[in-house]
Each structure stands twice: as C-alpha cells, then as structure tokens.
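Q: Before I ask anything, let me first share the structure, which is written out below as structure tokens.
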Amino acid sequence: MKVAGFTFIRNAVKNDYPIVEAILSILPLCDEFIVALGNSDDDTERLIRDIDSPKIRIINTVWDESIKEGGAVFAQETDKAYAAISPDTDWAFYIQGDECLHEKYLEIVKREMEAYLNDEKIEGLLFKYLHFYASFDFIASSRRWYRNEIRVLRYGNGIHSYRDAQGFRKNGRKLKVKLIDAYIYHYGWVKPPKGLINKVRNFNQFYTNEPFAINQIAEDSEFDYGNAHRLLRFEESHPAVMQKRVSTCNWKFSVDPTTLKNKMSTRYRVLQKLEDLTGWRIGEYKNYKKLS
C-alpha cells in the first residue's frame, strides 16, 4: 500500500499557519509528500525544507491572481499538488496548512486504508472535525461549522478539488466515502483578535473582486466572536506536533463564551437544540455520499 500526502501553502510565516505541524502530523503514514509551494514573500520555503525529510517533494507554483471569486484559487493549487503525486499511489492523504491529525489516530487511519484498499466502491475516507476557535482552549461547535470532510482519497484520474478546496469531486460527481473514527483538528481560527481580523481581510481578497468587501474590516476594529455561535471548552490533549505552539502561543481568551449564543436567531437555536438531542442536522450540506 502506497500513500502520498499532499497540500498547498503560501506565506505561512506572514499568516502564521502551522504548516510544519500539519505535514508532520500525517508524515508517518506517507511514502511521499507533495507540497505545492505558492509564490511567497516570506520564509515559507525554508520552513518546509527544514523539516528535512526525504519524503517531501516541493513543486513551486504561481497563484493565479485573476481568480478572485469563491476561493477557487485554493482548489486550483490543491489540484496542482494532487497532479504531482506518483502514479503508483493507492491513497492520497490531503491536509491543509491549518489542520493536524492527532497521533492517536494514526493507527486507525492506517487500518482503515488497509481494510478498504481493494474495495473499489470506497473512493475516500471521511473524517470528523474539531474546529478550534479564538484560543487552543475552545472549539466552535454549532450548525455553522462543518462536521465532516474527505481527507483520504483513492488515487486515480478524474479527482479534482471542489469550490474553495474544502472537498473533492470525481468527474464532477460526489465521492462515495466511508466515515472513520478519526478527527482532523482545525486551527485556522486560533488567533488573537488582531490576527483574526487580518485573517478575514486576507481571505476576503480570494473570495470577491469587490474592493469594499476586501477593505470593509478596519485593521483596528473589534473582532466579532459571535461568528462562532457556540464555544465549548476543550479538555483533551492537542497533537504532539502542536504542543510547542500551544505552550508558547496561547493567550487568555477574554470573551465569555456563554454570551455567544445570544447571537443565534430563535430558529437557529431550535435547530441547534434538535441536533444536540438527536444528532440530526437539518439541511446539512454534504459534499460526499456516505456509505454505510
């Protein structure tokens, strides 16, 4: 069984992405790892090369600055990394620059890849998600946050990243996947208030052509944590590769998380309560077909 990891990244230092931790978290499962390194103006390339693993292969890319709608450039860069994977690969493991796999799930993922290696109807493995928000001590847990996404793909032709690189399609259709008992830890929203404002300002430029939308958030404005809707305290351990970052970069989250639910509409609260009681998320968007 041959496994290839793949990702894309640009300006990881300037935007404080834990790309090194992301790569290291799944590297033990990979025989090779492709990094589509975008045209950066910081030390991102040095970060990747300092991992010093013979498994890692960097391909230099240039982002298409004309793509300013819906985050499509992220999908394009993901596809570039996927296209560089060795053709004799069985499984392709995708990880984004702000995600990590806890080491306690390594054996589970390996076992599932082995179990479905020859089952052609399984085209991918679906992971559960923990979305950390504001600090390493809280996770965002509400209908606003996606619960599952594909991160392991059966390698082959016709696979392409979908929309803003959240998921994948094969020849335009949804992939048939198996849900596994493993979580991806998403750290993209773990930043101090100023860092979160800069994140939104930076991301807006890849989702719209409208100058107003790009600049509507002033650098000195106050971040609205109501975006999370609901925060729950995280009581477990972070991945070993994240421990240094957690211990040196965490900060005191000064907002009372219990007040965030006040941002929810009455309809939203009812739907959230139903989900909490039954596990059923009405109207949930699924970019996949889950097989039992």
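Q: Efficiency by 1/(1 + (r/R0)^6): what FRET value for Lys14 and Ala115, r their Cβ-Cβ distance, R0 = 45 Å, to the nearest 0.05? Before the final figure, lay out each step's value.
A: Values: r = 41 Å, r/R0 = 0.91.
Step by step, r from the Cβ atoms, then E = 0.65.
Q: Would you kindly state how much longer the chain becomes between Asp88 and Glu103 on full extension, computed as 0.36 nm times their sequence separation minus their alpha carbon distance, in nm to one decimal?
A: Working: separation 15, 0.36 × 15 = 5.40 nm, distance 2.61 nm.
Going from the current span to full extension adds 2.8 nm.
Q: Which residues make up the longest stretch of the chain clear of GluC sites (Glu not before Pro) that lie in a DSSP loop with no more than 13 other Cβ atoms within 10 Å, not counting the sites? Write out the running numbers ahead of the final one.
A: On the way: sites that count: Glu65, Glu69, Glu120, Glu219, Glu222, Glu235, Glu236, Glu284.
Result, exposed sites excluded: 121-218.
Q: Treating the beta-carbon of each Lys and Arg as +1 and of each Asp and Glu as -1, no other charges, what is the dipole magnitude of the chain about its Cα centre, to the nearest 20 debye? Kindly include the intermediate steps, with their values, before the conclusion.
A: Values: 44 positive and 41 negative charges, 249 e Å.
With only Lys, Arg, Asp and Glu charged at Cβ, the dipole is about 1200 debye.
Q: In sequence order, what are the phi-derived ³J(HN,Hα) couplings for the stretch 9-17 according to the Karplus relation 6.51 cos²θ - 1.76 cosθ + 1.60 with θ = phi - 60°, rounded to whole Hz, with x for glycine and proline?
A: Along the stretch 9-17, the couplings run 7, 8, 6, 5, 6, 4, 9, 6, 8 Hz.
Q: Okay, next question. In nm, to one decimal, how far is the modelled label at Asp42 from the one at Glu275, with both set 7 Å along Cα→Cβ?
A: 3.1
Q: In what sequence do Leu274, Leu126, Leu231 fall when counting other Cβ within 10 Å, fewest first? Let's see the in-between values first.
A: On the way: Leu274 14, Leu126 22, Leu231 26.
Fewest-to-most Cβ neighbours within 10 Å comes out as Leu274, Leu126, Leu231.
Q: Now a separate question. If I take all pairs of Cα atoms in the chain, what percentage of them are more than 33 Å from each other?
A: Numbers: 9282 of 42486 pairs.
Roughly 22 percent, once rounded to a whole number.
Q: From zero up to wherever the largest Cα-Cα distance of the stretch 12-102 sits, split into 5 Å bins and tell me the percent of pairs in each.
A: Percent of pairs per bin, in order: 3, 12, 23, 27, 21, 10, 4, 0.
Q: On to the next question. Which residues does a label at Glu284 reach in the stretch 111-142, if reach means a backbone N under 12 Å from a point 7 Å past the Cα toward the Cβ?
A: Within reach of a label on Glu284: 127-129, 142.
Q: Hey, what number do you get for the chain at 222 nm if only DSSP H runs of n ≥ 4 count, each worth -39500 (n - 2.57), divided across all residues, to the nearest 500?
A: Details: 8 runs with 73 residues, N = 292.
Calculated from helices alone, the mean residue ellipticity at 222 nm is -7000 deg cm²/dmol.
Q: Just to confirm the filter: which trypsin sites (Lys or Arg not before Pro) across the stretch 221-258 are DSSP coil and have at most 12 other Cβ within 10 angstrom of their Cβ? Don't skip to the end; give the middle numbers.
A: On the way: sites: Arg230, Arg233, Lys244, Arg245, Lys252; in loops: Arg230, Lys252.
Here the sparse-neighbourhood loop sites are Lys252.
Q: Quick one: work out the % antiparallel among DSSP beta bridges in the chain, nearest 5.
A: Numbers: 23 of 48 bridges.
Close to 50 percent.
Every number here is computed from the coordinates shown, using simple stated rules; none is lab data. The model shown is predicted, which means the values in this text are computed figures rather than measured ones. With ideal geometry, Cβ positions are generated from the backbone for all residues, glycine too; neighbour counts draw on all protein chains shown.
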